[in-house]
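For reference, the structure is listed below as structure tokens.
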Amino acid sequence: MPPPPPASRLLLLLALWIACAASGVGCSGPRFAQLDRLRELHQRERRPAAEQVDAARGLLARLLPSHSASFEFRVVSTEQCGGKACFNINNHPSFHGEGTPEILILGASGVEISAGLHWYLKHYCAAHISWAKTGGAQLSSVPYPGSLPRVPAGGILIQRPVDWSYYQNAVTSSYSFAWWDWERWEKEIDWMALQGINLPLAFTGQETIWQKVFQRYNISKSDLDDFFGGPAFLSWSRMANMHGWGGPLPQTWLDDQLTLQKKILSRMYAFGMSPVLPAFSGNIPAALKLKFPSAKVTHLGNWFTVDSNPRWCCTYLLDASDPLYVEIGKLFIEEQIREYGRTSHVYNCDTFDENTPPLSDPNYISSLGAATFRAMQSGDNDAIWLMQGWLFTYDPFWEPPQMKALLHSVPVGRMIVLDLYAEVKPVWINSDQFYGVPYIWCMLHNFAADFEMYGVLDAVASGPIDARLSENSTMVGVGMSMEGIEQNPIVYDLMSEMVFHHRQVDLKVWVETYPTRRYGKSVVGLQDAWRILHQTLYNCTDGKNDKNRDVIVAFPDVEPSVIQTPGLYARTSKNYSTMLSENYVMKDAPNDAYEQPHIWYDTIAVIHALELFLESGDEVSDSSTFRYDLVDLTRQALAKYANQIFLKIIQGYKSNNVNQVTTLCERFLNLVKDLDMLLASHEGFLLGPWLESAKGLARSQEQEIQYEWNARTQITMWFDNTETKASLLRDYANKYWSGLLRDYYGPRAAIYFKHLISSLKKKEPFALEEWRREWISLTNNWQSDRKVFATTATGDALNISRALFTKYLRNADSLGLDGMDSFVKPISL
């Protein structure tokens, strides 16, 4: 498409100046010469404007095919956006009825155009876009072609206050993307473009590149079989946390993933994105050490294996000061560029992610960082190092001298740090803005793709703005760095907007309009419900990591006598206040025995929000987005109720009340079965798709068995075990999925309860070792099982939720569970 005529350019620049002035802040942001150079490279090497327009039009055809003729897209230069990325939404001057373009969207790239389309649909058509598993897109509110809403005269100009919108975590590729084919990837790249993401990780297929590189050193396929992890565990073998677990990788897997990566990159580049490729972090196969015995190699320690099993643990890390390091790093970068045909010059490398350096001397740390960057630069002279800042949050090793040594080991502007957990534990505040190094403000939010209705919306709405406007800010982007996706759509709906906001978002107004967009109509009861959810579930302020440890999905592996029951949920004195009481605590037991379930909110208020959902449900029962939220909210309430039943079971055990324990154990197990039935009513809560997509990538029955084992293992035992010692990472990737509750979590709890009741009846100590032996055997058998689970939803979510609310929540005080009435009794509004 030709650029706008001179008069239009003048109007665009004038509008840009007005927008920056009106925002009360500058639009330039911090400047780094090397990043200015990177922007110039991206603009010069970006795909032709026509190809980017075609990418955006393809997205529109997949998202809203009925309106393909209603929009016209044009790519404009960043100079016409004041040197920054922007999009401009206008009424089309040639509109003259249905079948002709109604809305003209100008953007600095295909991503900006796509983000502009989303902005228009969201803010002018009250539409909503989320992942398919979380309800998908709500587009019923978009008027018919020929009657789309007009925008104000002069158009709507939105300019990014920062350059980059980053996406993914180094482990998202395993927790969420492990089994994706091109059809699923295409949907995700569309989603990225609509959210304005322009800096996504692109890690797929890298094992094939490594195979080609190591072949130059006469490392065979069999040598690599013990190096690469299985398909569900590649993230951790890439980070040198483990080796071989879940493998070996078949050659067909390697070849297919490389083909898939080329499609992914091609589409990302077509939109104008800048995909981030991996770089060498020093992780090497054991065979390379044997071929270079004089190389400086560190044998790393144990990472969560049982008894430090050398079959899986204790990988080898080539010291960055060894000449071989730069040589291998150079070859890896060059091989990627050769295979893919191009690069965006940004490379991720996390040498010290959960791997502590052997020495704390700042000079040594600096030399490692410099060599790591030199390996990248040797393969690409324009390389920029993108590094996850998780190490600065996770590992106390990184005191200011060590941190500064690493950050200053490369020229300023040649490294970008991801402040990975900035919404809860921001590093930028206490590090003098990463000691002058550019960084991206990221929201981590989710661990291991687990299910918990949780968020810190207030921090998300203000944090990136506060960081960007702070004195001497070095912030250059906003990012989403969750370990797993397809959960808590409200959190990601807000977070994706923050790259375009110059001021803090008025959350009261934003939350007020959210249910209308999410469900396609305005329902007062649902607006009231979401106001409550914002102030409770989505207002966590205790600063704790939110990792779901509900009893159902993370059953305590301890003797019942060491579990304290200090009291059940108590009524709060203030409506919707944050609740900081603990579910249960433990004494006289190892610190790693189990983690306490996290409770930060007034559970009574959340129960009332669920009542409002149920009362309003008939008005939006045909909405997939509503059904997802209803199932999720009901699951949240029942899961916490199950925690309470478990506490009452332990109280009964301690008081030798065998009848109470027997009755409550039966109730707990019935709740698990009923919860499984609830989850089966929406596609977002099914085990079947995870397993079937894993098997779908197999080329033989042998591979199918292997891939299914990988998929089942990740969400249960995770890592290795013995007959009586469970994996240290058991239940880390737990899931509230129908099929998993019925066939695994329920039977596991039943084994514990069996031994609990037996202990009371026989007046003998709880048989802890026998319990462990039985549940570990159950788990290992389940990992290898081949049972097929449903991939489509069954049952009416609204009716099931209403029935379970009545059965477990409304009348719980009549069940003789002393202390539970305050948990479920609605408070006065």
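For this structure, a couple of remarks:
- Qualifying positions in the stretch 400-451 - outside any loop (DSSP other than H, G, I, E, B), open to solvent by less than 10 Å² (accessible area, probe 1.4 Å) and of a type in the set (Val, Ile, Thr): Ile416, Val417, Ile440
- Helices (runs of 4 or more DSSP H) fully within the stretch 149-234 counting 1 or more residues that are open to solvent by 20 Å² or more (accessible area, probe 1.4 Å) and touching an Asp or Glu at 6+ places or on another chain (Cβ under 9 Å): 206-215
Residues are listed down the side, and each one gets a yes or a no for (1) at pLDDT 95 or above; (2) farther than 24 Å from Arg267 by Cα; (3) under 22 Å from the mean Cα position of the chain (by Cα):
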residue: Pro101; (1), (2), (3): yes, yes, no
residue: Gly116; (1), (2), (3): yes, no, no
residue: Ser130; (1), (2), (3): yes, no, yes
residue: Lys133; (1), (2), (3): yes, no, yes
residue: Ser141; (1), (2), (3): yes, yes, no
residue: Pro152; (1), (2), (3): yes, yes, no
residue: Asn169; (1), (2), (3): yes, no, yes
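- Scanning the stretch 73-84 finds one or more residues that are more than 30 Å from Leu386 (Cα to Cα) and either aliphatic (A, V, I, L, M) or at pLDDT 95 or above (or both).
- Selection from the stretch 302-326 of residues that are over 31 Å from the mean Cα position of the chain (by Cα) and free of Cβ contacts under 8 Å to residues at least 12 places away in the same chain: Pro323
- Checked against the criterion of being touching a Leu at 6+ places or on another chain (Cβ under 8 Å), among the small types (Gly, Ala, Ser) and at pLDDT 95 or above, the stretch 771-781 contains not a single residue that satisfies it.
- The C-beta contact set for the stretch 175-188 (first residue touching a residue at least 12 places away in the same chain (Cβ under 8 Å), second residue hydroxyl-bearing (Ser, Thr, Tyr), distance under 6 angstrom, 6+ apart or interchain) comprises Trp179/Ser693.
- Test: residue in the stretch 295-307 that is within 30 Å of Gln783 (Cα to Cα), modelled with pLDDT under 95, in a loop (DSSP other than H, G, I, E, B) and out of contact with any Phe, Trp or Tyr (no Cβ under 9 Å at 6 or more places or on another chain): yes
- Residue in the stretch 391-398 that is over 15 Å from Asp350 (Cβ atoms) and either at pLDDT below 95 or assigned by the TED database to the domain that holds Ser360 (or both) present: yes
- A count restricted to the stretch 270-289 and to residues that are over 10 Å from Ala202 (Cβ atoms) and of a type outside the set (Lys, Arg) stands at 13.
- Some residue of the stretch 235-258 being open to solvent by 10 Å² or more (accessible area, probe 1.4 Å), within 22 Å of Phe203 (Cα to Cα), out of contact with any Lys or Arg (no Cβ under 8 Å at 6 or more places or on another chain) and of a type in the set (Lys, Arg): yes
- Flag for Ile490 being under 22 Å from the mean Cα position of the chain (by Cα), surrounded by 21 or more Cβ atoms within 10 Å (Cβ to Cβ) and more than 30 Å from Tyr514 (Cα to Cα): no
- Search result, residues across the stretch 740-769 that are charged (D, E, K, R) and either in contact (Cβ under 8 Å) with a residue 12 or more places away in the chain or crowded, with 19+ Cβ neighbours inside 10 Å (or both): Arg742, Asp743, Arg748, Lys761, Glu769
- Meets criteria (under 23 Å from Ser147 (Cβ atoms) and touching a residue at least 24 places away in the same chain (Cβ under 8 Å)) for Pro101: yes
- The set of residues from the stretch 497-547 being open to solvent by 30 Å² or more (accessible area, probe 1.4 Å) and in contact with a Lys or Arg (Cβ under 8 Å, 6 or more places away or on another chain) comprises Glu512, Gly543.
- In this structure, Leu277 does satisfy being open to solvent by less than 40 Å² (accessible area, probe 1.4 Å), farther than 14 Å from Ala240 by Cα and part of a strand (DSSP E or B).
- Residue within the stretch 540-551 that is modelled with pLDDT of 95 or more, farther than 30 Å from Gly652 by Cα and either within 25 Å of the chain's Cα centre (by Cα) or not assigned by the TED database to the domain that holds Ser130 (or both) present: yes
- Residue in the stretch 456-464 that is farther than 25 Å from Arg503 by Cα and open to solvent by 10 Å² or more (accessible area, probe 1.4 Å) present: no
- Residues being open to solvent by less than 50 Å² (accessible area, probe 1.4 Å), closer than 20 Å to Tyr269 by Cβ and touching a Pro at 6+ places or on another chain (Cβ under 8 Å) - total across the stretch 69-92: 2
- Among the residues of the stretch 47-68, those identified as open to solvent by less than 50 Å² (accessible area, probe 1.4 Å) and of a type outside the set (Ser, Thr, Tyr) are Ala49, Gln52, Val53, Ala55, Ala56, Gly58, Leu59, Leu60, Ala61, Leu63, Leu64, His67.
- Selection from the stretch 280-301 of residues that are open to solvent by less than 10 Å² (accessible area, probe 1.4 Å) and either free of Cβ contacts under 8 Å to residues at least 12 places away in the same chain or within 25 Å of the chain's Cα centre (by Cα) (or both): Phe280
- Qualifying positions in the stretch 670-718 - farther than 30 Å from Thr259 by Cβ, of a type outside the set (Val, Ile, Thr) and open to solvent by less than 50 Å² (accessible area, probe 1.4 Å): Leu671, Asp674, Leu675, Asp676, Leu678, Leu679, Ala680, Ser681, His682, Phe685, Met717
- Complete set of residues in the stretch 771-794 that are surrounded by 14 or more Cβ atoms within 10 Å (Cβ to Cβ) and either touching a helix residue (DSSP H, G or I) at 6+ places or on another chain (Cβ under 7 Å) or of a type in the set (A, V, I, L, M) (or both): Trp771, Glu774, Trp775, Ile776, Leu778, Trp782, Gln783, Phe789, Ala790, Thr791, Ala793
The values are calculated or read from the model by the stated rules, or taken from the named source; none is laboratory data. Worth saying up front: this structure is predicted, and the values here are computed from it rather than measured. Backbone-built Cβ (ideal geometry, glycine too); neighbour counts: all protein chains shown. Only protein heavy atoms, including side chains, enter the accessible area calculation; ligands, DNA and RNA are left aside. Shrake-Rupley method; radii C 1.70, N 1.55, O 1.52, S 1.80 Å.
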